[in-house]
Amino acid sequence: MKKIIGYATAFLIAGTLVACSVQTATKDDPSFESVRKEATNSDNILQNKEGTELYIANLDANTVSIVNEKTQKVEEEIPVGKEPVQLALSPDEDRLYVSCRYDNKIDVISLEEGKVVDSYEVGKEPFGLLTSQNGKTLYVANYRESTIMMVDVKSGDVTETIPVHDRPRTLAETADGKKIYIPHYLSGEISVLDAEKKKVAKTFKLADSPDVSDRKKSQGIPNTLEQFVIAPDGKTAWIPHLVTNVDTPIQFEETIFPAISIIDLEKDEELVDERKELFDEINVLDSKNETMIVSNPYDVAFQKDGSKAYVVMSGSEDLVVFDLKRGGNATQILRRIEGDNPRGIILSNNGETLYVHNAMSHDLATIDSGGTSTHSRAKKLQDNISLIEKDPLDPQVRKGKTIFYSANSDEFEADITGNNWMSCVSCHSDGEINGLTLMTGKGQRNVPTNVQTSENGLFLWDGSRDDFTDYLLTVQGEMGGMMKYEPGEELPAEVEKMYDDLFAFLKEPQSFPVPQSPYKENGELTSSAKEGKALFEGKASCISCHSGSQFTDSVKATGEDGKLTTDVTDYLHDIGTANQFDVPSKGDARAVFSNPRNGKSFDTPSLVGVWATGPYLHDGSAKTIEESIERHQYEEKSELSQIEMSKIADYVRSLD
């Protein structure tokens, strides 16, 4: 049987990638002759069985590159849908499946033809994906709607949709194909899907790292689970993630810690005592006899004999080598992988070369792995392999994006962080929320999203910043960077430019698209949401504060010159949600202490995409939108019934 399908092509003119019009092509059915017998996981970089080709998802470049390992060159760069995040290879290696996150589809690449030959419509923001052992079924984790879909790859039809816990991310499958592991990005949970019964058999949570008296030692809540990589013996899996301490005011050495958790795949539970944490299992000393700080662990690769594990640190841009023959602790940190923001790693078939995928510089770093010898060390090889013909991002946006994801203290005009501890993305996971409430000098603060943050008026929950360069205070007070600059003085031009670049990235609409609400019906409000809209704009008077296209009156806090100003406090509201930790502020040096706050009145948050940003309120104390509405205290609120508040919540959940 042949299918007639549409696909987009591209070719090079004078070195530039040019998109052509949609054409039609014929496609043979995928082959199902091979049965995979190895464990596998979804990733942004894959390798074929022979070790002759590498496949890389070029994230914001919207292409997939195929690299010849022998020539170390890109053989093909194939256009795909928006934001290709992860890949899966069919057992026969005739098809490469690509999760196109912002197009809500899976693109299918024929590796023989070197082009997209089919696409499957799936759920909202697909991320991880895997084929079954025989290749006939594709499993897809839909990040935004918390489902796993099973797709018949021959017909392209979704045959099963399985609800799972919040934010399923990447996927991994055991060698026998019986179990699929689903890490949940923010909650620190892992679900175990029974592939035969097509249902979740178990969900367990990573343990909190216990509090210790020394605040500078790893402790806190596991979150941002980036990968799930099964060890060669199939008995354990490694999960790189962060541990966040919410008990003390944010401080770069006391809040965010890197960690790798180990999972027992026979019992499907965490081996808590085997977690790799900074200052313990990750405790490599530098020339000053001080622990080398690394940040934002992202991906893992193993030597085939299980002798070593390699973990890329996407923030500090390092490679950490664990010797599994000698107790399993880190024995080397290769400082500064060449390139920006390493997010993927794979080992060549002979075990000698590590390929590291740099997501911001769009290139591959090559590293001598050191092999299986206990005494050999990893070291840089030749220059990086460029993966894309042309970067589609504006250079300023690219620079800002690179800064946002970096915890490299040495890379830019000024250190954005102290001693490689944390990046912007360490708290704003994936650029959005981390689902946690952090302690600050002003009180508890729910980490907000960066979706359309440049359009929402004043900054911070108390509206105490009106210019993006005011985030110098965050960099100094929370991230430990740029300490040599006086906050009340003008910044050097090159440092000011860093903030301009960051703001350009945040202002770019495609940087963090508004998450599409799954609570609509065919893109329209439900009947309950329509009634909620009428209440929102009428009887409940929600629109008096949540007004305009951004559903916030904070954009009105402007002076006579039309610019935002912290001097205007008319749009800060006391709705009775302050708690015992909230304290007044005398203002800050950046504003020459002209922006005092009473600790009870808060900036009106935007409601665009708010369904995806729980928990709610400034302190994260409301778990649901309904609870948030119930907690509001103002005159019209007393007239609302529970049913009416529920309908308002239905409307608010639909805003995108």
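What to note about this one:
- 14 Å beta-carbon shell around residue 236, net charge (K/R +1, D/E -1): -3
- The charge dipole of the range 390-437, taken about its Cα centre with unit charges on the Cβ atoms of Lys, Arg (+1), Asp and Glu (-1) only, comes to about 140 debye.
- The accessible area of residue 499, taken with all protein chains in place and a 1.4 Å probe, comes to roughly 10 Å².
- Taking all pairs of distinct alpha-carbon atoms in the range 581-656, Kirkwood radius in angstrom: 14.4
- Heavy-atom SASA rank of 646, 454 (probe 1.4 Å, accessible area, largest first): 646, 454
- With all projection directions averaged, the alpha carbon convex hull of the range 555-613 covers 5.5 nm².
- Length, then width, then depth: along the principal axes, the Cα atoms of the range 394-456 run 33, 29, 18 Å.
- Angle between the chain longest axis and helix 493-507 axis [Cα atoms, degrees, rounded to 10]: 80
- About its Cα centre, the dipole of the chain is roughly 1040 debye, where the only charges are +1 on Lys and Arg Cβ and -1 on Asp and Glu Cβ.
- Surface calculation, 1.4 Å probe, protein heavy atoms: residue 340 sits at approximately 30 Å² accessible.
- For the pair the range 149-204 / the range 599-653, the C-alpha centres are spaced 32 Å from each other.
- Cross-link pairs 556/586; 105/136; 507/556 - those with Cα-Cα distance over 21 Å: 556/586
- Take the Kirkwood radius over Cα pairs of the chain, plug it into Stokes-Einstein at 20 °C and 1.002 mPa s, and you get 83 µm²/s for translational diffusion.
- Accessible-area order (highest first, 1.4 angstrom probe) of the listed residues 95, 653, 215: 215, 653, 95
- Dipole orientation for the chain: of the candidates 622, 207, 349, 349 has the Cα lying most toward the positive pole (charges on Cβ; Lys, Arg +1; Asp, Glu -1).
- The range 509-656, dipole about Cα centre (Lys/Arg Cβ +1, Asp/Glu Cβ -1), debye to the nearest 20: 260
- For the range 113-173, pairs of C-alpha atoms spaced more than 15 angstrom apart make up 48 percent of the total.
- Cross-link pairs exceeding 22 Å between alpha carbons, from the set 179/267; 115/198; 379/399; 179/235: 115/198; 379/399.
- Measuring max minus min along each principal axis, the C-alpha atoms of the range 201-281 give extents of 40, 25, 21 Å (largest first).
- Taking the inverse of the mean 1/r over every pair of distinct Cα atoms in the range 513-656 gives a Kirkwood hydrodynamic radius of 16.5 Å.
- Compactness of the range 168-227 is given as radius of gyration and Dmax, 14.5, 47 Å, from Cα positions.
- Tail beyond 17 Å, pair distance distribution of the range 495-549 (Cα, percent): 64
- Treating each Cα of the range 338-378 as one equal point scatterer and applying the Debye formula with no solvent, the log10 of I(q)/I(0) at q = 0.23 Å⁻¹ comes out as -0.71.
- Ellipticity at 222 nm from helices only: DSSP H runs of n ≥ 4 in the chain, each -39500 (n - 2.57), divided by the residue count, give -2500 deg cm²/dmol.
- Farthest toward positive dipole pole in the range 161-297 [+1 Lys/Arg, -1 Asp/Glu at C-beta], among 251, 278, 297: 297
- Residue 111 accessible area, assembled protein chains, probe 1.4 Å, Å²: 30
- Gyration tensor (Cα) of the range 292-450, equivalent ellipsoid semi-axes in angstrom: 29, 20, 13
- Solvent-accessible area, 1.4 Å probe, carbon plus sulfur percent, for the chain: 48
- Over the range 345-420, accessible surface divided per residue gives 39 Å², non-protein components excluded, 1.4 Å probe.
- For the range 376-493, a Kirkwood radius taken over Cα pairs fed into Stokes-Einstein (37 °C, viscosity 0.692 mPa s) yields D = 198 µm²/s.
- Among 362, 165, 546, the order of accessible area from largest down is 165, 546, 362, computed with a 1.4 Å probe on protein heavy atoms.
The values are calculated or read from the model by the stated rules, or taken from the named source; none is laboratory data. What you see is a predicted model; the values in this text were computed from it and never measured. Neighbour counts are summed over all protein chains in view; Cβ atoms, including those assigned to glycine, are modelled from backbone coordinates with ideal geometry. Please note that ligands, DNA and RNA were not included when accessible areas were found on the heavy atoms of the full protein model with its side chains. Shrake-Rupley method; radii C 1.70, N 1.55, O 1.52, S 1.80 Å.
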